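Worksheet: one structure, shown below.
Bear in mind that the values in this text are calculations on the coordinates, not laboratory data. Remember, it's a predicted structure, so these values are computed and weren't measured experimentally. Cβ atoms come from the backbone with ideal geometry, glycine included; neighbour counts cover every protein chain shown.
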Amino acid sequence: MRLIENIRNIFKIPELKNRVLFTLAMLFVYRVGAHIPTPGINGEALSRFLMERGGALMGFFDMFSGGALSKVTIFALGIMPYISASIIFQLLTVVIPAIGKLAKEGEAGRKKIVRYTRYGTVIIAAIQSFGIAVGLEGMGGGEFIRDPGWSFRLLTMITLTSGTAFLMWLGEQITERGIGNGISLIIFAGIVAQFPTAVISTIGLVRTGELSIFFVLLLVILMLAVVAVIVFIERGQRKIPVQYAKRMIGNKVFGGQSTHLPLKINTSGVIPPIFASSIIMFPATIAGFISIPWVQSIAKELSPGTTLYTVIYVGLIFFFSYFYTAVIFNPVDIAENLQKHGGFIPGIRPGSKTSEYIYRVLTRLTFVGAVYLSLVCILPEILISKFNVPFYFGGTSLLIAVGVALDTVSQIESHLVTRSYDGFLKKGRIKGRR
């Protein structure tokens with residue numbers, strides 16, 4: 001009853017109601033577009049061919065596009081080219097001083113980087129879509145390609161690139177006029193859309209005797225346990241005590257209060273698995289469309305559950321955990337701000353010693369967060385590869401879905417509490433990941 005009342009409260013606030021309805025409308029447009037076929041392609045025949053040929057790898061990649069990749073619809077590339085472009089420019093801010101300086105110029109610099117990221121998205125999408133078109137022809141796609149040739153390649157490239165550009169615009173509109181992060185919600189919608197397929201596949205395996213009911217119950221319990229762990233870690237914090245010195249201004253004494261500096265256990269959130277998945281799926285996706293033996297062997301080695309895939313995936317998760325944390329959290333700036341306002345950590349000298357202490361604590365927390373992300377993303381995939389279970393809601397997808405849901409509910413919670421309505425929880429507020 002309390003949940004129903006809270007949902008009703010959402011629609012009592014005109015601004016929040018409009019934002020929620022706008023978000024739902026945009027996500028509906030995305031799901032409709034995910035079923036519009038690319039001109040010149042028989043989507044159903046192609047989907048059957050790719051799923052039989054690609055197996056678990058194609059199913060894993062198809063998860064991020066909401067089923068659009070296997071049918072090569074207009075949204076086949078999804079939002080991943082944008083994610084890839086964002087990764088490139090974030091890396092360039094560290095490697096190239098000029099771009100790093102641009103990132104520190106405030107709103108004007110941020111707008112320029114966003115514009116460059118859009119250009120990069122279009123370029124990456126054009127390269128990927130052209131590779132897919134050539135790969136489809138190379139597979140001897142007479143039964144699912146009506147008119148092979150340069151006209152088909154260019155039409156496919158224009159269609160898929162335009163679809164990605166539209167999704168990028170859609171995500172930005174949701175972020176600006178809706179609720180939650182638009183790009184993350186698009187990925188979330190694609191993952192959730194695969195849930196019915198996963199359920200139907202699991203039921204089919206139970207009926208054929210490939211899976212037992214007991215094992216399915218264990219799988220459900222495992223998923224619930226993973227959800228509980230994700231919620232616990234995502235909301236977990238390491239609170240560093242901070243003391244402010246007393247200051248005399250005129251005849252009044254200011255300061256002297258105690259507070260804390262909250263450091264999240266998983267500061268980077270779901271960014272590392274999203275970035276890692278985006279990088280690892282690019283060469284494997286292209287390889288899946290090319291009928292060359294050595295290319296196919298590489299694609300097979302990059303399939304979920306293989307040793308090479310696991311090592312590369314975990315390595316990328318650790319890299320992006322540390323990299324993204326370093327981008328969004330600067331211990332030196334924190335230490336300078338504390339010293340400027342008369343704050344200090346008890347037992348730690350202000351200045352460089354404080355920044356070193358914060359850096360040391362943050363490094364340890366980031367390691368714990370990276371281990372947690374790796375376990376959540378890899379362990380379910382190992383079970384799936386061994387027991388042939390549909391994994392559309394496995395580790396990576398479950399992590400993204402829960403993380404994005406927590407962020408979105410956190411924003412709705414803020415709107416409700418700001419206007420004196422009760423939030424979704426009786427005690428405390430739902431905390432976002434960042």
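Which links in Lys104/Lys239; Lys112/Lys264; Lys111/Lys239; Lys101/Lys340; Lys101/Lys353 stretch past 32 Å when you go from one Cα to the other?
Violating the 32 Å Cα-Cα cut-off are Lys111/Lys239.
Step through the residues of the range 396-402 one at a time and calculate ³J(HN,Hα) from phi using the Karplus curve (6.51 cos²θ - 1.76 cosθ + 1.60, θ = phi - 60°), rounding each to whole Hz and writing x for Gly and Pro.
So the J values, rounded to whole Hz, are 4, 5, 5, 4, 5, 4, 5.
Check which residues have an amide H placed less than 5 Å from Lys264's amide H, if you skip close sequence neighbours.
Amide H to amide H, under 5 Å and 5 or more residues apart or across chains, Lys264 pairs with Arg238.
Using a Förster distance of 30 Å, how high is the FRET efficiency between Lys104 and Ser258, based on the Cβ-Cβ distance and rounded to 0.05?
Working from the Cβ atoms, E equals 0.40.
Can you give me the long-range amide H partners of Val242? Hydrogens built in the peptide plane at 1.01 Å from N, cutoff under 5 Å, separation of 5 or more residues or another chain.
So Val242 has HN proximity to Thr259, His260, Leu261.
Considering amide H positions built from the backbone, and no H for Pro or chain starts, which residues 5 or more places from Ile145, or on another chain, come under 5 Å of its amide H?
Amide H neighbours of Ile145: Asn42.
Let me check I've understood the local charge: for Glu176, count other residues with C-beta under 15 angstrom from its C-beta, Lys and Arg +1, Asp and Glu -1. What total comes out?
+2
In the range 104-191, which GluC sites (Glu not before Pro) are in a loop and have at most 15 other Cβ atoms within 10 Å, using DSSP for the loop call?
Loop-located and lightly packed - Glu105, Glu143.
State the extension gain, in nm to one decimal, for the chain segment bounded by Arg364 and Thr197, taking 0.36 nm per residue of separation less the distance between their alpha-carbons.
56.2 nm
So what J values fall out for the range 82-96 if you push phi through Karplus, 6.51 cos²θ - 1.76 cosθ + 1.60 with θ = phi - 60°, rounded to Hz, Gly and Pro as x?
The phi angles translate into 5, 4, 4, 5, 5, 4, 4, 6, 5, 5, 5, 5, 8, 7, 9 Hz.
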